[in-house]
Amino acid sequence: MVRSRILLADDHILVAEAFKKLLEPEFEVVGIANDGRSLIDLALQVKPDVIVLDIAMPLMNGMGAGRQLKNALPHARFIVLTMNEDAEMAAEATRYWASGYLLKKSAALELTKAIREVLKGKSYITPKVAQVLLEQFIRKPGQEHIRGLTPRQREVLQLLADGRTMKQAADLLHVTARTVAFHKYRIMEEFGLKTNSDLVRFAIREHVISAS
């Protein structure tokens, strides 16, 4: 019986090796990448059925690598495996390129199940994150079609426009600096902002901060 081929990407080698041992009884693990760029190179070489990747990786993060590989390998399935519980990040990934979103703390119980589901063409989002996404949809069912700031984006924008560093903003919001960076650059991409000065002017225009 031909086993499905899995590629793992995580900058923590011991974590990746642990997941490899977890999966090998049922799947063929065809490689491990430790950063976003090597993930792209390796994925294009081995063409796996499923790519399991972390968001926080050096050289290129998982969001950027995932989007590139989705275009290059349209038949592959992608599962995010991360410590990050940010529902907006999960929504971003699953909307554009990922079929699954798992948290590392529950991955031992869910990863094999998630891989089976995405191989069937289905999606799998860990229940904790799925519940938050459902609650957001119920409150604002059409918000993904409206060009506007999400609540988290407004919080990040306010702190950055007030002169806080990304680390300071992260500490105040109880998230990682990489999460703040994700939201900052997402805002800049969505609204065509090029510089930090553009970001401040945009914050004033959106009444996130005062001009005085």
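Here are the numbers for this structure:
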read-out: Tail fraction, Cα-Cα pairs, the chain, threshold 30 Å, whole percent; value: 26 percent
read-out: Long pairs among LYS70/LYS128; LYS20/LYS122; LYS113/LYS194; LYS47/LYS113; LYS128/LYS194; LYS70/LYS104, criterion Cα-Cα beyond 30 Å; value: LYS113/LYS194; LYS128/LYS194
read-out: Convex hull of segment 147-205 built on C-alpha atoms - directionally averaged projected area, nm²; value: 3.6 nm²
read-out: Protection proxy ranking, peptides 184-190, 34-40, 45-51, average beta carbon neighbours within 10 Å, highest first; value: 34-40, 45-51, 184-190
read-out: Relative exposure of SER99, SER106, SER4, judged by other C-beta atoms within 10 Å (fewest first); value: SER106, SER4, SER99
read-out: Three-way shape call for segment 1-88 based on the alpha-carbon gyration tensor, with the a/c threshold at 1.5; value: oblate
read-out: Label point distance in nm, GLN168-ASP35, each placed 7 Å from Cα along Cα→Cβ; value: 3.0 nm
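FYI, it's all coordinate maths here, none of it is from the lab. What you see is a predicted model; the values in this text were computed from it and never measured. Positions of Cβ are backbone-derived with ideal geometry, glycine not excepted, and every protein chain shown enters the neighbour counts.
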